[in-house]
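Colleague: Mind looking over this structure? Questions follow.
The values are calculated or read from the model by the stated rules, or taken from the named source; none is laboratory data. Quantities reported herein were computed from a predicted structural model and do not represent experimental measurements. Note that each Cβ is placed from the backbone with ideal geometry, even for glycine, and that neighbours are counted across all protein chains shown. Just so you know, the surface numbers come from the protein's heavy atoms only, side chains and all, with ligands and any DNA or RNA stripped out. Shrake-Rupley method; radii C 1.70, N 1.55, O 1.52, S 1.80 Å.
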Amino acid sequence: MAVCERHGLFYSDSQICGQCWREDQSVRTKDRKAERVFKGKRFSKPTSQKGIDRLKLKSKLQSAWSAYMKKVYREMGIQHCFITGKTTTQKGLFSLHVSHYYPKGQVWQLWCDPCNSGLTTYDQNVNKPENATAMRSKLVEIWGKEKMEELDVKEKYYRERIQQGLDTKHPTDIWIIGMIELLKQK
């Protein structure tokens, strides 16, 4: 038998103090929660001021783009989910979302392309992003087959540029700021 110097508890020579083990597990649990895993991708909250500022910039652009596209679709008389066909009168988080046909996390250059943006419900945009491809028929109906074919060519071009290292994997701060300023003018 041995006595833990930190806690004064007895434990077997082949083991460690139970209280020390619990404290160690608590630290490990906090570390795991800090780096959440969601569908095979690691997400962690930014801890540096630069990371926090960048997250705010990206949120600002997404809000501006969302407001702009909702206005465009409202003027066209379109106020329903492109995937389910449902309309919603809710405001805020559970209102219609502007979803991207090609994910902005993979091909950021198409983030602010109207042909790449459609309206979806919160559930389709957040919980089922893999369903975004179902928006294509509605996007073709609105923007035309030629514009969607151009979008496909752009996607392939930008994806190759990213893979070859010619473009960064993520948008630069200056690009985000520039897009925000452009949207303010519209």
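Colleague: For helix 145-163, what angle does its Cα long axis make with the longest principal axis of the chain, in degrees from 0 to 90 and rounded to 10?
Modeller: Approximately 40 degrees, to the nearest ten.
Colleague: Sticking with this structure for a sec: Going down the table (Lys30/Lys128; Lys128/Lys154; Lys60/Lys91; Lys60/Lys184; Lys91/Lys128; Lys147/Lys184), which pairs top 22 Å between alpha carbons?
Modeller: Details: Lys30/Lys128 28 Å; Lys128/Lys154 25 Å; Lys60/Lys91 18 Å; Lys60/Lys184 11 Å; Lys91/Lys128 20 Å; Lys147/Lys184 25 Å.
The pairs that break the limit, which is 22 Å between Cα atoms, are Lys30/Lys128; Lys128/Lys154; Lys147/Lys184.
Colleague: Restricting to DSSP H runs of at least four residues, report the calculated mean residue ellipticity at 222 nm for the chain, -39500 (n - 2.57) per run over all residues, nearest 500 deg cm²/dmol.
Modeller: Values: 5 runs with 84 residues, N = 186.
Roughly -15000 deg cm²/dmol at 222 nm, from the helical runs in the chain.
Colleague: Then there's this: Taking the solvent-accessible surface of protein heavy atoms with a 1.4 Å probe, what is the per residue accessible area of the chain in Å²?
Modeller: Details: 12650 Å² over 186 residues.
Result: 68 Å² per residue.
Colleague: Per the 1.4 Å probe, what fraction of the accessible area of the range 94-174, in percent, lies on carbon and sulfur atoms? Please report the intermediate quantities before stating the final value.
Modeller: On the way: 2310 of 4350 Å².
The C+S portion of the solvent-accessible surface of the range 94-174 is 53 percent.
Colleague: Expressed in nm to one decimal, what extension gain is obtained for the pair Val72 and Val153 from 0.36 nm per residue of sequence separation less their Cα-Cα distance? Intermediate values should be presented prior to the final figure.
Modeller: Values: separation 81, 0.36 × 81 = 29.16 nm, distance 2.38 nm.
So the chain would gain 26.8 nm between Val72 and Val153.
Colleague: Rounded to whole Hz and in sequence order, give me ³J(HN,Hα) for the range 174-184 from the Karplus expression 6.51 cos²θ - 1.76 cosθ + 1.60, θ = phi - 60°, writing x for Gly and Pro.
Modeller: 5, 5, 4, 4, x, 5, 4, 5, 4, 5, 5
Colleague: Beyond 19 Å, how much of the Cα-Cα pair distribution for the range 102-177 remains, as a whole percent?
Modeller: Working: 1166 of 2850 pairs.
That fraction is 41 percent.
Colleague: Would you mind checking which residues have amide H under 5 Å from Gln79's amide H? H placed 1.01 Å from N; only 5 or more apart, or other chain.
Modeller: HN-HN under 5 Å from Gln79: empty list.
Colleague: Pairing the Cα long axis of helix 49-75 with the longest principal axis of the chain, what angle in degrees results, from 0 to 90 and rounded to the nearest 10?
Modeller: Once rounded, the angle reads 30 degrees.
Colleague: Also, quick follow-up: On a full-extension model of 0.36 nm per residue, what is the gain between Cys20 and Leu166, subtracting their alpha-carbon distance, rounded to one decimal in nm? Please list the in-between numbers first.
Modeller: Details: separation 146, 0.36 × 146 = 52.56 nm, distance 5.05 nm.
Separation in residues times 0.36 nm, less the Cα-Cα distance, equals 47.5 nm.
Colleague: A further question follows. Pull up all non-local amide H partners of Ser99: gap of 5 or more, or a different chain, and H-to-H distance under 5 Å with H placed in the peptide plane.
Modeller: Excluding prolines and chain starts, which carry no amide H, the hits are Gly118, Leu119, Thr120.
Colleague: Same structure, new question: So which cysteines in the chain don't have a second cysteine's C-beta under 4.7 Å from them?
Modeller: Cys81, Cys112, Cys115
Colleague: Per residue of the range 103-113, what does 6.51 cos²θ - 1.76 cosθ + 1.60 with θ = phi - 60° give for ³J(HN,Hα)? Whole Hz please, x for Gly and Pro, Karplus curve as stated.
Modeller: Per-residue couplings from phi come out as x, 5, x, 9, 10, 5, 5, 9, 3, 10, 9 Hz.
Colleague: Sticking with this structure for a sec: Here are a few candidate values for Kirkwood radius over Cα pairs in Å: [x] 21.6; [y] 17.0; [z] 19.9. Which one was actually calculated from the structure I just gave you?
Modeller: Checked against the structure: label [z].
Colleague: Now, a different point. Tilt of helix 18-34 relative to the longest C-alpha principal axis of the chain, in degrees (0 to 90, nearest 10)?
Modeller: Approximately 10 degrees, to the nearest ten.
Colleague: Turning to a different aspect of this structure: Determine the relative contact order of the range 82-170: mean sequence separation of Cα pairs under 8 Å and six or more apart, normalised by residue count, in whole percent.
Modeller: Values: 92 pairs, mean separation 27.5, N = 89.
Across the range 82-170, relative contact order equals 31 percent.
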